[in-house]
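K.L.:
Have a look at the structure that comes next, please.
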């Protein structure tokens, strides 16, 4: 199975979270919301898809261009917009 690999970027701290995997963007967005909802500064965070991980052969593919979602865009994905 190919999983997406994601990190959360905190622009105020200027650092990335440890990477995590998700089966699709919607599941990744749910993980993002669970993490960010603990903060008063949700707009400081972005969800970034940095690559894929293949669970069958253990290979990791790093994207040269990353997909970035703001907190507002994550809400749109979860609301089906």
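K.L.:
Against the condition modelled with pLDDT of 95 or more, exposed (fewer than 15 other Cβ atoms within 10 Å of the Cβ) and out of contact with any helix residue (DSSP H, G or I) (no Cβ under 7 Å at 6 or more places or on another chain), how does residue 72 come out, does it pass?
P.N.:
Judged against the criteria, residue 72 is not a match.
K.L.:
Name the single residue, out of those in the range 26-39 being out of contact with any strand residue (DSSP E or B) (no Cβ under 7 Å at 6 or more places or on another chain) and touching a residue at least 24 places away in the same chain (Cβ under 8 Å), that is nearest to residue 80 (Cα to Cα).
P.N.:
Step by step, filter the range 26-39, then rank; the result is 26.
K.L.:
Which ones in the range 40-50 are farther than 13 Å from residue 8 by Cα and either free of Cβ contacts under 8 Å to residues at least 24 places away in the same chain or not in a loop (DSSP other than H, G, I, E, B) (or both)?
P.N.:
40
K.L.:
Give all pairs with beta carbons closer than 9 Å in which a residue from the range 66-81 that is at negative phi meets a residue that is loosely packed, with under 14 Cβ neighbours inside 10 Å and not in a helix (DSSP H, G or I); count only pairs at least 6 apart in sequence or on separate chains.
P.N.:
75/81
K.L.:
Could you tell me which numbered condition residue 20 fails, if it satisfies all but one of (1) surrounded by 17 or more Cβ atoms within 10 Å (Cβ to Cβ); (2) modelled with pLDDT of 95 or more; (3) in contact with a helix residue (DSSP H, G or I) (Cβ under 7 Å, 6 or more places away or on another chain)?
P.N.:
Of everything listed in (1) surrounded by 17 or more Cβ atoms within 10 Å (Cβ to Cβ); (2) modelled with pLDDT of 95 or more; (3) in contact with a helix residue (DSSP H, G or I) (Cβ under 7 Å, 6 or more places away or on another chain), residue 20 misses just condition (1).
The values are calculated or read from the model by the stated rules, or taken from the named source; none is laboratory data. Computed from a prediction, not measured in an experiment: that's the story for all the values here. With ideal geometry, Cβ positions are generated from the backbone for all residues, glycine too; neighbour counts draw on all protein chains shown.
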